[in-house]
1. Only one of (1) out of contact with any strand residue (DSSP E or B) (no Cβ under 8 Å at 6 or more places or on another chain); (2) at positive phi is not met by A:Gly291, so which one is it?
2. Among what's in segment B:5-57 and is in a loop (DSSP other than H, G, I, E, B) and without any contact (Cβ under 8 Å) to a residue 12 or more places away in the chain, pick the residue that is farthest from the other protein chains (Cβ to nearest Cβ).
3. Between B:Gly21, B:Gly37, B:Gly13, which is modelled with pLDDT of 85 or more and open to solvent by 30 Å² or more (accessible area, probe 1.4 Å)?
4. Is it the case, given these coordinates, that A:Leu216 is more than 7 Å from chain B (Cβ to nearest Cβ) and modelled with pLDDT under 85?
5. Go through (1) open to solvent by 30 Å² or more (accessible area, probe 1.4 Å); (2) in contact with a Leu (Cβ under 8 Å, 6 or more places away or on another chain); (3) farther than 30 Å from B:Gly23 by Cβ for A:Asp361 and report which single condition fails.
6. Do we find that B:Leu44 is under 30 Å from A:Tyr204 (Cβ atoms) and under 10 Å from the mean Cα position of the chain (by Cα) in this structure?
7. Looking only at residues that are modelled with pLDDT under 75 and out of contact with any strand residue (DSSP E or B) (no Cβ under 7 Å at 6 or more places or on another chain) in segment A:231-268, which one is farthest from B:Ala40 (Cα to Cα)?
8. Testing A:Ser283 on (1) part of a strand (DSSP E or B); (2) more than 14 Å from every other protein chain (Cβ to nearest Cβ), one condition comes back false. Which one is that?
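The values are calculated or read from the model by the stated rules, or taken from the named source; none is laboratory data. Quick caveat, the model's predicted, so the values are computed rather than measured. Quick reminder, even Gly has a Cβ in these numbers, built from the backbone with ideal geometry, and neighbours come from all protein chains shown. Each accessible area value is taken on the protein alone, full model and side chains, heavy atoms only, with ligands, DNA and RNA left out. Shrake-Rupley method; radii C 1.70, N 1.55, O 1.52, S 1.80 Å.
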Amino acid sequence: MTNTPALRRDRHDARIGGVCAALARSWGVDLKLVRIGTIILTVITSGLAIAGYFALWLLIPPVGSDKIPVRRWLPFTRNWTDTQLVVVVVSLSIVFAALMTGVAPGGLVVIGIVTLIIASGMHRPKQQPTTAPAPLVRHVEPPRTEFELAARAWENRMSVVYTGVPLHLMPTAAPSVPAKPSGSSGKVWFSVVAGFGAVWGVLYYIGLRNAPVPALAYASGFLAVLGLALLSSVRRPKRPFGLASAAIMTGLVTAFMLPNAQMIDRVIPESSVLIVTSEAQLSDSMYLGSGRNSIDLSELELTEDLDVTYTADVGEITIVLPHDVNTTVHSFVDVGEIVHDGRSLKGIDREDTLTNETDPDAPLLEIEIHLDVGRIEVQK
Amino acid sequence: MNTRIDVTAAVLGLLALLLAGLGMWESFGTINWSVVGLAAPISLVIIGLLGLAWSKPKS
């Protein structure tokens, strides 16, 4: 199949070098999808895709030209074949990217394959126009009557004739009446507000009847409403103002609130198990870093009141409280979960206090735990 | 109907629903990450292919 247009960079659609626009036109896909795909590829290859972008920028000619840009800037390459040029540019890009990012060859293979695929589409034969150009006369308002529709069709036909287009290329079908907008974006937003209210009400009702509903449920509910609103508006002539941005922001908030102990279990290995049995093993303040930390105080014996602070960045802290000591635990987590004796609290900026008084005359151990991201669990 | 589909809105909407479902699962239960590990890439591939199919110009 050679129906797809040749790769050409167009300055009018360009954000940086026009590479995404050239790919979108050649593949016949939405330009935004190609840009989003490029950003995702850049992230998952730790920036290596940028090297691929510049390789394509050097290799794809601009619109209206067959000259490869790198040949213009480096005259000694003009004697090389296209294949030699592509191989050299891609290889240099890969070496440069590897030196800059230090990423393993896996990511390089991605860029190499993508670049070669694109390079193979650079020299497709130009297609002769098989349809007439778009009419020169444009109207903002849709036709109101059949007569106006016919008049505009005739107007378009005449404008094409005046441009010198052969008769056999003239459009034969009358222009269709544009579909009326099915409603303003305000209506969609009213529906979204109603959806938010419904979600809020349902979750509040669940919270009254059962355990408290975490903030994540509200964020997810609002995100679902925005997702449904986006899906219901796909056939609208214009996307409701701000709907996509609101969905992206809510999605980011939801994704930010998702981390929990099980996910941490999968990405962070066990780092330390500390068994504390005497006061001498306790320090006022202890930094645990990142990882899974278990601190077993179950056999601890105290002779006087003591304050201890544990601080960690990412991971899980599990503390088993002593049996014969009065304890007060203050837990603070920026993002994640606090589980105090089976009671769970999830979300952002969470704090909770657990008091365990066994004997009024026994010494008091006061523990403060600060964790940035992850899970704090305190077991009696 | 000759109306074009807003592909960006469709893809974003589907992704939002997937993420919302994951959030609800975590809120009212315990996410089985092995299931998510299998379902997430498949879903992304399907949504990506749908986006490509919808954005193809109609002849």
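1. (1)
2. Here is the first cut: in segment B:5-57, the ones in a loop (DSSP other than H, G, I, E, B) are B:5-6, B:29-32, B:56-57.
Narrowing the set further to residues that are without any contact (Cβ under 8 Å) to a residue 12 or more places away in the chain leaves B:6, B:29-32, B:56-57.
Working: B:Asp6: 5, B:Gly29: 11, B:Thr30: 7, B:Ile31: 6, B:Asn32: 9, B:Lys56: 5, B:Pro57: 5 Å.
Here the residue is B:Gly29.
3. Working: B:Gly37 fails: modelled with pLDDT of 85 or more; B:Gly13 fails: open to solvent by 30 Å² or more (accessible area, probe 1.4 Å).
So the residue among B:Gly21, B:Gly37, B:Gly13 that is modelled with pLDDT of 85 or more and open to solvent by 30 Å² or more (accessible area, probe 1.4 Å) is B:Gly21.
4. Working: more than 7 Å from chain B (Cβ to nearest Cβ): no; modelled with pLDDT under 85: yes.
So A:Leu216 does not fit the description; no.
5. (2)
6. no
7. Applying the filter and picking the extreme gives A:Asp265.
8. (1)
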